[in-house]
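The values are calculated or read from the model by the stated rules, or taken from the named source; none is laboratory data. Remember, predicted model here, so these are calculated numbers, not experimental data. FYI the Cβ positions are ideal-geometry reconstructions off the backbone, even for glycines, and counts take in every protein chain you see.
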Amino acid sequence: MSDESGKGLTREQWGSRLGFILAAAGSAIGLGNVWRFPYLVGENGGAVFVLVYLFITVLIGLPVMLAEFAIGRAAQRSPVAAFRALNVSPFWGAIGWLGTLAGGFFVLSYYNVIGGWTIRYMLESLGGLMETAATGQSKEFFGHFIGQRQQVLMFQIVFSGATMLFVLSGIGKGIERACKVMMPALFLILVVLIIRSLTLPGAEAGIEFYLKPDLSKLTRSTFLSALGQSFFSLSLGLGIMLTYGSYLGREERIPSATVWTASLDTLIALLSGFAIFPAMFAMGFEPGQGVGLTFITLPAVFAKMPAGQYFSFLFFLFLFFAAVTSSMSLMEVATTFAIEKFNLKRVNAVCLMGIIIFLLGGYSAISLAGDPKVAGMDFLDALDYLCNNVMLPVGSFLVCVFVGWFWLDPALKELTNNGKLETRWWLHVWVLCVRVLAPIAILFIFLNGTGLLETLDTWLRQ
Ligand code: PFF
């Protein structure tokens, strides 16, 4: 599904509207929803984070997604080439470069590490995981696992290998078909988990934590974390949705496809929280567990269910699939980049990029097992922070400024299918968001969350 022809005229298109929505949702729904969202909620005070997240997703995430789809379909190119094709200043090509570096290399490198955990947990579900979790030791199990460097690296290799295989053999039939079964199955198993979690004695405290906002927990970093999570979860700011939009037929309606994709993504994230928080409080775990939260809490819930080991196995299998459909979209960025830049064959590009990304990810995996640290954080956390709290917001900011101020008329034509779709109120709201609200909000949240605003303020006062 790459833009190797470069001409864009005979470009492959999604088989159907549903195919497009599923592929976009496949990229969006992944570890971000089931792993990253709950642990950020846990670290950032619960419901107040959920509220900020929803607000940001509607006001900033959705408009940016619409903008990316519009650019992609108009240009019919991959991110780096897209801005050239639109005949705009080469400066905007920076969005493509930034996305390629952040998504194709940085995010993917540690995404593979966490993806590897899902495989280990899938296998362990049928091994000793349930017995350990039943005795309240799932936290120790997790700590022990990430401390074993060789094991973590091995599972990282397996996950990376699976991603590479899918990208090599084309996304088309296998993965699209598998997703049509796996994604609804993941949804169903989440519902079963929620029922179990909600019916555990002591679950109320978790529901309260998840649903009752405590405004005193609001800090300036809450906004930045929610912003980064919204972009990460919706796969924005990296040119992925731009690329997916480039395969979209001219007659498809971008706005409704966007609302579907974003709604499905948000729904799965919210459901994950309902599966995790009631159980977490019922079992006396702390919400601020960080990266291990999902892997610590859910096995404990499974252990309390009849046939828990099978549910656990299926859950981590589906999570693995959700993760692979996302990692493939990231790997495709790195692969297309290598094909275009170094004129490589697809198979060579996949192998070369796979090795580079593995080495980078290996560093993240090792850092979780102890040293080395960067700015006091594990390397994985540091990379995650850099990508989600810096690079994605910067990429999305540039997309808004580009579309809002330099490419608005063509974007409006794209979104209304050349005026064929009725212009509705939401289009005016979108223009307002993309021109003014979103760029200002991103800039403010970024400067505030990173502490730069304070520095600037002190400096101006001197
Ligand atoms: N959206 C994916 C998730 O939530 O797991 C991760 C991801 C995929 C982020 C693709 C960014 C991206 F471009």
Study note, to complete from the structure: Restricting attention to segment 380-390, the residues that are farther than 19 Å from TYR53 by Cβ and either within 15 Å of the ligand (Cβ to nearest atom) or not small (Gly, Ala, Ser) (or both) number exactly 4
Check your understanding: Restricting attention to segment 73-99, which residues are surrounded by 24 or more Cβ atoms within 10 Å (Cβ to Cβ) and within 16 Å of the ligand (Cβ to nearest atom)?
Key -> SER78, PRO79, ALA82, ILE95, GLY96, GLY99
Revision key, fill the gap. Of the residues in segment 347-359, those that are surrounded by fewer than 17 Cβ atoms within 10 Å (Cβ to Cβ) and of a type outside the set (Val, Ile, Thr) come to ASN348, CYS351, LEU352, LEU359
Check your understanding: Only one residue in SER256, SER367, SER263, SER272 is within 16 Å of the ligand (Cβ to nearest atom), without any contact (Cβ under 8 Å) to a residue 40 or more places away in the chain and not aromatic (Phe, Trp, Tyr), so which one is that?
Key -> SER263
Practice item. Kindly check whether there is at least one residue in segment 311-326 that is over 22 Å from LEU383 (Cα atoms) and in contact with a Leu (Cβ under 6 Å, 6 or more places away or on another chain). Key: yes
Review point. Do we have any residue at all in segment 301-312 that's on the phi < 0 side of the Ramachandran plot, buried (at least 17 other Cβ atoms within 10 Å of the Cβ) and within 16 Å of the ligand (Cβ to nearest atom)?
Key: no
Revision key, fill the gap. Subset of segment 289-314, residues farther than 16 Å from SER272 by Cα and modelled with pLDDT under 85, comes to MET305, PRO306
Check your understanding: Out of all the residues in segment 170-186, is one or more over 22 Å from SER364 (Cβ atoms), under 24 Å from the mean Cα position of the chain (by Cα), within 16 Å of the ligand (Cβ to nearest atom) and not in a helix (DSSP H, G or I)?
Key -> yes
Exercise for review: Determine whether ALA334 is in contact (Cβ under 8 Å) with a residue 40 or more places away in the chain and in contact with a helix residue (DSSP H, G or I) (Cβ under 6 Å, 6 or more places away or on another chain).
Suggested key: yes
